[in-house]
Structures are given as structure tokens and as C-alpha cells.
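Throughout, read-outs are computed from the coordinates displayed, never taken from laboratory work. Worth saying up front: this structure is predicted, and the values here are computed from it rather than measured. Neighbour counts run over all protein chains shown; Cβ positions are idealised from the backbone, glycine included.
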Amino acid sequence: MSRWRIGVPVGVLAAVVLAWFSAGPAPVANTANGNGIKPFGISDVPGRATALFPGATGTRWIRLGNVENFPILVRTVTATAGKPVDSRGRAVPACPAASVKVDALAAPVTVPGNGTADVALTTHLLPGAPDACRSVTFPLTYTGTAVKP
Amino acid sequence: MRKISKRSAVVLGAAGAVVVAGVAYAAWTSTGSGSGSVTSTTSADSVISSTSTGTALYPGGTTTFKVQITNPNAYPVVVNGISAGSSNAVGGCAAGTVTSAVPASTPGTIAAGATGEYTLTATMSGDASDACKSQTFTLPLTATLSSNA
């Protein structure tokens with residue numbers, strides 16, 4: 001008698017658990033880094049950036065690269081500007097790295113499996129940038145996060 | 001109302017734990033990284049030219065004349081100031097015979113690729129020699145400008 005009483009709720013709960021898993025994200029095979037999605041790449045799209053001047057807002061197109069064979073949803077991308085250099089690659093200490101700001105990715109972007117997606121980030125050269133910031137290049141470091149949709 | 005037995009409660013708890021574990025497992029995440037750059041534009045010098053010579057001067061007399069300042073840059077500029085002017089020597093008339101004062105203000109913004117016009121006042125020295133009759137005087141001027149985006 002007691003087995004029957006127990007058996008019914010276990011069967012119901014098992015069904016609930018199975019339903020939860022089927023409604024959630026599909027499991028994926030383990031990848032090269034063991035238990036998650038391989039890191040995705042972030043790089044500049046050549047030639048697609050606005051030359052900045054004080055107070056200007058421009059765009060910096062970047063390319064998100066997905067080496068997995070399934071789509072990923074890139075949720076965040078941020079960029080940090082480093083110390084600028086002149087046309088000969090020499091440091092320009094009078095131009096602070098903080099003169100440039102790059103906005104974070106405005107909205108999530110889906111990158112197809114084994115594919116790329118291009119997206120624009122908004123860039124700013126602050127109004128008070130000194131003369132030393134003319135004709136310089138600010139290196140950017142990108143970081144981002146993604147999930148399997 | 002039928003009571004839930006102890007064994008049923010244990011099964012309920014275990015099943016709940018499985019559900020929680022399933023939710024945590026569902027989040028497959030990844031990170032991305034990369035590098036890039038943005039550049040700043042350069043600046044080009046403006047040119048000041050005369051657009052109106054004003055009325056003919058005589059010793060001790062004054063006149064207004066107009067100058068035009070070009071902005072060859074891809075961004076708007078504001079004129080911070082225009083220097084005082086002093087005439088070059090011409091045809092036996094001594095240098096400095098005609099002068100122009102620093103204008104009290106140089107209002108307005110010159111749009112990218114546009115020009116701005118400013119009115120200056122010139123004065124001929126009271127002891128100008130006869131050699132200064134019927135001459136055209138050139139007054140070198142310098143303007144200082146700043147980006148104004």
C-alpha cells in the first residue's frame with residue numbers, strides 16, 4: 001500500500017523534471033576547453049572606423065568570430081582604450097588614454113556557427129582632448145561574454 | 001485530505017534538488033577577447049584673407065575692413081582670437097604705418113569646410129609720410145582657433 005502511495009508522486013515529479021529539461025537549452029557536446037563554449041574572437045573590421053576629433057562621436061566596427069558549430073549569443077562586449085601612439089609607434093604621454101571612450105555593445109548579437117557577425121561600437125573623443133591627441137592611434141582591448149542561445 | 005508520508009517528502013526534496021541542478025547546468029557561457037584600435041584625425045591650418053579693404057585712409061584716419069577665415073577641417077571650429085596687425089613697408093612708406101587692434105570678440109562657430117567673416121578696424125599713423133599716399137597696406141594677422149564639436 002505504501003509503495004503505491006510513494007510511486008504516484010515519484011512518477012509525477014519525474015515527469016516534471018523531464019519536462020523542465022526538455023524546455024530548457026539543449027545540451028551540447030563538450031568542447032575543447034572541457035565544459036563550455038570555446039572563446040569567441042573580437043577583432044576590428046579593417047577600414048571601418050571613424051577618425052575622431054574632440055567632441056566627436058564615431059563608430060568602430062568589430063567582428064565577432066564563433067568557432068563553434070552552433071550559434072552563440074554575444075551578450076556583452078566592452079572596449080578599453082590604452083595609451084596612444086603616434087604614426088611612428090612612439091608613445092604620446094601628453095595625450096591620456098582616457099581621452100577616448102568606447103560604448104559597450106548596445107544589444108546582444110547572434111553569431112552563426114563557424115561564422116562571424118559585424119557590429120558597430122560607438123566611440124568618443126572627449127571635448128577636452130589636448131592638441132597632443134591629434135593624429136594618434138589608441139589601442140583597444142576587447143572583452144565579451146556569450147551564451148549558447 | 002491525504003497526508004504526505006515521510007518517504008514522499010524525501011522524494012519531493014530530492015526531485016527539487018534535481019530541478020535546481022538542471023537550471024544551473026543549462027547556462028553554457030563563453031568569453032571573448034581581442035584587440036583593435038581607433039585613431040584621431042589631424043588638424044589643418046586655417047587661412048585668413050581680406051574680403052573688404054574699407055575706405056581710403058589718411059594720417060590719423062580709421063576704417064573698418066573684413067577678413068575671412070577658412071576652416072579646412074572636418075570639424076567645426078571657434079575663433080578664440082585674432083592678433084593685432086601692423087602693416088608691412090610698402091613703396092617707401094614705413095612698416096607699421098597702419099595698424100589694427102585685437103578685436104574685442106570673434107563670435108560664432110565656423111562649420112567644417114566653411115568660412116567665417118570678421119570685421120577689424122585699421123588706423124593710419126598721424127605722421128604717415130607722403131610715400132604712404134595711394135598705397136595698399138598688407139597687415140599680417142594670426143588667428144587662434146579651437147575645435148568646437
List the residues whose amide H sits under 5 Å from the amide H of residue A:95, counting only those 5 or more places along or on another chain, with H placed 1.01 Å from N in the peptide plane.
-> none
Expressed in nm to one decimal, what extension gain is obtained for the pair residue B:56 and residue B:104 from 0.36 nm per residue of sequence separation less their Cα-Cα distance?
-> 15.0 nm
Neighbouring partner chain Cβ atoms per residue of A:141-148, average, 10 Å criterion | 5
Each residue of the stretch A:79-90 in order: what ³J(HN,Hα) in whole Hz does its phi give by Karplus 6.51 cos²θ - 1.76 cosθ + 1.60, θ = phi - 60°, with x for Gly and Pro?
-> 10, 10, 7, x, 5, x, 10, 8, 5, 9, x, 8
Vicinal HN-Hα couplings computed from phi for the stretch A:116-124 (Karplus, 6.51 cos²θ - 1.76 cosθ + 1.60; Hz; Gly/Pro x) | 9, 9, 9, 8, 9, 9, 8, 10, 9
If amide H atoms are modeled at 1.01 Å from N in the peptide plane, then the residues at a separation of 5 or more from residue A:121, or on another chain, having amide H under 5 Å from its own are A:60, A:61, A:62
Find the relative contact order for the stretch A:34-147 and round it to a whole percent, using C-alpha pairs within less than 8 Å whose residues are 6+ positions apart.
-> 37
Residue A:131 label point, 7 Å along Cα→Cβ, cut-off 14 Å on backbone N: hits in the stretch B:80-109?
-> B:80-81
Taking placed amide H atoms and a strict 5 Å upper bound, the residues 5 or more places from residue A:136 or on another chain that come that close are B:40
